[in-house]
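The values are calculated or read from the model by the stated rules, or taken from the named source; none is laboratory data. No experiment lies behind these values; they were computed from the predicted model shown. With ideal geometry, Cβ positions are generated from the backbone for all residues, glycine too; neighbour counts draw on all protein chains shown.
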Amino acid sequence: MAVTSDFGISVNVKNTKASDLSAAADDLKKRYAAHLESGAGAGKADRVFADTRTLAASATETLDLAGSLTDAYGATTSFARVKFILVAAAGANANNVIVGANASADFVGLLNAAGTVTLRPGMAFAAMASSSDATGMVVTATTADLIKIANSAGGTSVTYDVIIVGNST
C-alpha cells in the first residue's frame with residue numbers, strides 16, 4: 001500500500017481600523033503544511049486511519065494506535081509514529097467531544113499524559129509534524145498508545161471525525 005499525503009493549517013486574517021481619511025489594514029496570512037511521500041522516516045508516512053464515529057450519550061471509547069484500528073481496506077493498522085492527527089466534532093452535536101487523558105497507556109505524544117481538549121460542536125483539533133521531522137509523535141505499544149474520546153454529557157450521542165497519518169516503524 002502506498003500512502004502520499006498533504007496536510008496543513010491555514011490562517012488568513014484581515015484586521016482593519018478606520019480613521020477619518022483612511023483605513024489601516026493588517027493582513028495576516030500564514031500556512032503550516034507538510035507533504036509526505038510513502039515510506040518511513042523524514043517526509044514519509046505509510047499508515048492511515050480515517051473514520052466518522054458516533055458515541056452514545058455519556059459514552060467513551062479508546063483508540064488504540066498500536067493494533068486495534070482498521071484502515072479503509074479492513075486491515076488492522078498499527079502506528080509507531082504519528083505525523084498528523086485531526087479530531088473534529090460534528091456541528092450538529094448537542095454535547096462536546098473530549099479528547100485525551102486515558103486512564104492508562106496515554107498517547108503522550110499528543111497531549112502529554114493527563115491533558116484533554118474539549119471540542120464544542122463544530123470545533124476541530126489538529127497536530128502535525130513538519131515534512132523534515134523523522135520522529136513525529138512516538139507511539140509506544142502497551143505503554144503510550146491510547147487516546148480516549150468521550151461524549152461530555154448524557155441525553156444525546158455525538159459524532160466526530162478522526163484522521164491519523166503516520167509510520168509503522
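A few remarks follow.
- Qualifying residue in the range 117-131 (condition: within 22 Å of residue 76 (Cα to Cα), touching a Lys or Arg at 6+ places or on another chain (Cβ under 9 Å) and either part of a loop (DSSP other than H, G, I, E, B) or not acidic (Asp, Glu) (or both)): no
- The residue that is modelled with the lowest pLDDT, counting only those in the range 65-103 that are part of a loop (DSSP other than H, G, I, E, B) and of a type outside the set (A, V, I, L, M, F, W, C), is 102.
- Candidates 135, 159, 140, filtered to the one that is more than 12 Å from the chain's Cα centre (by Cα) and closer than 19 Å to residue 90 by Cα: 159
- On inspection, residue 74 does not qualify as exposed (fewer than 15 other Cβ atoms within 10 Å of the Cβ), touching a residue at least 40 places away in the same chain (Cβ under 8 Å) and not aromatic (Phe, Trp, Tyr).
- If the condition is being farther than 26 Å from residue 159 by Cα, of a type in the set (D, E, K, R) and exposed (fewer than 12 other Cβ atoms within 10 Å of the Cβ), then the range 1-52 contributes 14, 17, 20, 26, 27, 29, 30, 31.
Here is a yes/no grid of residues against (1) in contact (Cβ under 8 Å) with a residue 24 or more places away in the chain; (2) touching a Lys or Arg at 6+ places or on another chain (Cβ under 6 Å):
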site: 19; (1), (2): no, no
site: 22; (1), (2): no, no
site: 29; (1), (2): no, no
site: 37; (1), (2): yes, yes
site: 42; (1), (2): yes, no
site: 46; (1), (2): yes, no
site: 68; (1), (2): no, no
site: 100; (1), (2): yes, no
site: 104; (1), (2): yes, no
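- Within the range 18-56, considering residues that are of a type in the set (Ser, Thr, Tyr) and more than 21 Å from residue 75 (Cβ to Cβ), the one modelled with the lowest pLDDT: 19
- Those residues of the range 107-116 which are in a loop (DSSP other than H, G, I, E, B) and either of a type in the set (Ser, Thr, Tyr) or surrounded by 12 or more Cβ atoms within 10 Å (Cβ to Cβ) (or both), in sequence order: 107, 113, 115
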